[in-house]
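A short write-up of the structure that comes next.
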Amino acid sequence: MFDIGWGELLLIGIVALIAIGPKELPGALRTLGQWMNKIRRMAAEFQGQFQEAMREAELADLKKEVDEMAAKAQSYAHFDPMEDVRKDIEKSMGDFPPMDAPAPDAPTAAGTPVSTSSADLPPPGEVPAPAAAEPTSAPVEPAPAAAAAPHEPDPGPAAVPKPDAGRAA
């Protein structure tokens, strides 16, 4: 704080002893000490209030940052990538029914709904028979012979001849 050494203090003490006198010097030093304590307390109180104001300002900034992070974390907590992709597709393609809903049966020209479930479809390779209630305008052609012929089973590795590699001559 102040740069006062022992030499300066000794000079001040000698001047005070001569100016005040030896009888009143202890009372004057006591009063000086009380004033110094009051000044120190006021300085400490001012410094404490200043630091408290700084902490409140920092806390307000910190609270603001924490609130921003909490809002961002909240948005990450409800992260659904499929929903984002679905929204992007719907925006680019137009309005489609949700992917979770079953597909509605589309009516045919005759007015009867056509089902697209896999249970109603014939096995691969077979020609579906026309429904009894549906009149056909064109005759159904039989399947080609190649498609109707049963597939011959593969002879497998047992039928393939093996070379005589293990025999010694």
Does Lys72 meet the test of being part of a helix (DSSP H, G or I), of a type in the set (D, E, K, R), open to solvent by 70 Å² or more (accessible area, probe 1.4 Å) and under 30 Å from Asp100 (Cβ atoms)?
yes
Might you check whether a residue that is modelled with pLDDT under 65 and of a type in the set (Asp, Glu) occurs anywhere in segment 46-67?
no
Residue pairs meeting the criteria (Cβ under 7 Å; at least 6 apart or on separate chains; first in a helix (DSSP H, G or I), in segment 27-52; second surrounded by 10 or more Cβ atoms within 10 Å (Cβ to Cβ) and among the β-branched types (Val, Ile, Thr)):
Ala28/Ile20
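The values are calculated or read from the model by the stated rules, or taken from the named source; none is laboratory data. Computed from a predicted structure; not experimentally measured. Glycine also receives a Cβ, built like all others from the backbone with ideal geometry; neighbour counts cover every protein chain displayed. For the accessible areas, the whole protein counts, side chains as well, though only heavy atoms, and no ligand, DNA or RNA atoms are used. Shrake-Rupley method; radii C 1.70, N 1.55, O 1.52, S 1.80 Å.
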